[in-house]
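The values are calculated or read from the model by the stated rules, or taken from the named source; none is laboratory data. Note that the structure is predicted; figures quoted are calculated from it, not measured. Methodologically, a virtual Cβ is constructed for each residue, glycine included, from the backbone with ideal geometry; neighbour enumeration extends over all protein chains shown. Ligands, DNA and RNA are excluded from the accessible area calculation, which covers all protein heavy atoms including side chains. Shrake-Rupley method; radii C 1.70, N 1.55, O 1.52, S 1.80 Å.
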Amino acid sequence: TIGYTSSGAMVTTRIVNPENVHYDPLKDFDQLGLHVFFPTAFAVQESSPWKTFDELIDYAKKNPNKLRVSTTGTGSTSHFNLEIIQSLTGAQFTHVPFKGGESVITALLGGHVEMTFDAVSKIKPHVEAGKMRMLLSTSKIPDLPNIPTITELGYKQELFTSWFGMYGPAGLPEEVKKVIIPAVEKAVKNPELKAKVEKMDFVVDYKSPAEQKKLAAEEYEKASAIAVKVGLRSK
């Protein structure tokens, strides 16, 4: 009756694999509130010569397609972000898509790629162990305030940050929504729960059902345009 699901299911999957998505996320569900964002980061080995995102971009522009970037797959949120970065900066990278899991990280640690674009929660332990360095994050991380976002570096377009929210089937009775929606908001904003979730390097940022629907619609339009541009879909 109630679903807790991601922007992948509600935005990107229907763009990349429409034949597998037999639903319209905006019409077939009632939004009940957005819970949390999962920041991803652009990271390199600690031993790499690039100390900042700008240094990396400068090198990449002078050496097109020389630098390899691992992501969790073609059509993933990280892949869309890589395309945005290339469009904004003029740099060109070689995309190395994996099927998710730890292989994205181990490819960088093993020197098979020069960079990775993956979840902050997966990268951070390797940063703390002195093996990796984050150069950019898709949104601000409370305990990593020195990692910049792309807009903080002067670029005009934000990157996608994956999110999770609550959904019900379309047409939920108003008397039901009047109970569920305030309960979701109260749970999301609970200080004790918020602190526990943010210790896992996620960002708790409640959005109302209307804001949740608007965000999904806007991200769908932006990601669709990128997909057409890079040949993931024809229109």
For region 56-78, state whether one or more residues are assigned to a helix (DSSP H, G or I), buried (at least 20 other Cβ atoms within 10 Å of the Cβ), within 13 Å of the chain's Cα centre (by Cα) and not hydrophobic (A, V, I, L, M, F, W, C).
yes
Within region 17-35, track down each residue that is surrounded by 21 or more Cβ atoms within 10 Å (Cβ to Cβ), among the aliphatic types (A, V, I, L, M) and closer than 24 Å to Asn81 by Cβ.
Leu34
Exactly one condition in (1) closer than 27 Å to Gln45 by Cβ; (2) at pLDDT below 95 is not met by Ser224; state its number.
(1)
Scanning region 97-109 for residues that are hydrophobic (A, V, I, L, M, F, W, C) and surrounded by 17 or more Cβ atoms within 10 Å (Cβ to Cβ) gives Phe98, Val104, Ile105, Ala107, Leu108
Residue selected from region 213-227 under the condition touching a residue at least 12 places away in the same chain (Cβ under 8 Å) and among the small types (Gly, Ala, Ser), by the criterion nearest to Val11 (Cα to Cα)
Ala216
I need a count of the residues in region 50-65 that are among the β-branched types (Val, Ile, Thr), under 9 Å from Thr89 (Cβ atoms) and out of contact with any Ser or Thr (no Cβ under 6 Å at 6 or more places or on another chain).
0
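For region 196-226, enumerate the residues that are open to solvent by less than 50 Å² (accessible area, probe 1.4 Å), assigned to a helix (DSSP H, G or I) and over 18 Å from Glu158 (Cβ atoms). Walk me through how you get there before you give the answer.
First, the residues of region 196-226 that are open to solvent by less than 50 Å² (accessible area, probe 1.4 Å): 197-198, 201-204, 206, 208-209, 212, 215-217, 219-220, 223-224, 226.
Filter once more, so that each one left must be assigned to a helix (DSSP H, G or I): 197-198, 209, 212, 215-217, 219-220, 223-224, 226.
Of everything in region 196-226, those that are open to solvent by less than 50 Å² (accessible area, probe 1.4 Å), assigned to a helix (DSSP H, G or I) and over 18 Å from Glu158 (Cβ atoms) turn out to be Val197, Glu198, Pro209.
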Can you tell me which condition Tyr155 does not meet? The list is (1) open to solvent by less than 30 Å² (accessible area, probe 1.4 Å); (2) within 22 Å of Ile85 (Cβ to Cβ); (3) aromatic (Phe, Trp, Tyr), and all the others hold.
(1)
Single residue of region 1-45 satisfying the filter (free of Cβ contacts under 8 Å to residues at least 60 places away in the same chain and assigned to a loop (DSSP other than H, G, I, E, B)) that is farthest from Trp163 (Cα to Cα)
His22
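Just to confirm my filter: which helices (runs of 4 or more DSSP H) fall fully inside region 80-188 and include at least 2 residues that are out of contact with any strand residue (DSSP E or B) (no Cβ under 6 Å at 6 or more places or on another chain), closer than 21 Å to Ser47 by Cα and without any contact (Cβ under 8 Å) to a residue 60 or more places away in the chain?
Numbers: elements: 103-109, 120-128, 174-188.
Once the helices (runs of 4 or more DSSP H) in region 80-188 are filtered for at least 2 residues that are out of contact with any strand residue (DSSP E or B) (no Cβ under 6 Å at 6 or more places or on another chain), closer than 21 Å to Ser47 by Cα and without any contact (Cβ under 8 Å) to a residue 60 or more places away in the chain, what remains is 103-109, 120-128.
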Would you mind stating whether Lys186 is farther than 19 Å from Ser6 by Cα, open to solvent by 80 Å² or more (accessible area, probe 1.4 Å), touching a helix residue (DSSP H, G or I) at 6+ places or on another chain (Cβ under 8 Å) and of a type outside the set (Ser, Thr, Tyr)?
no
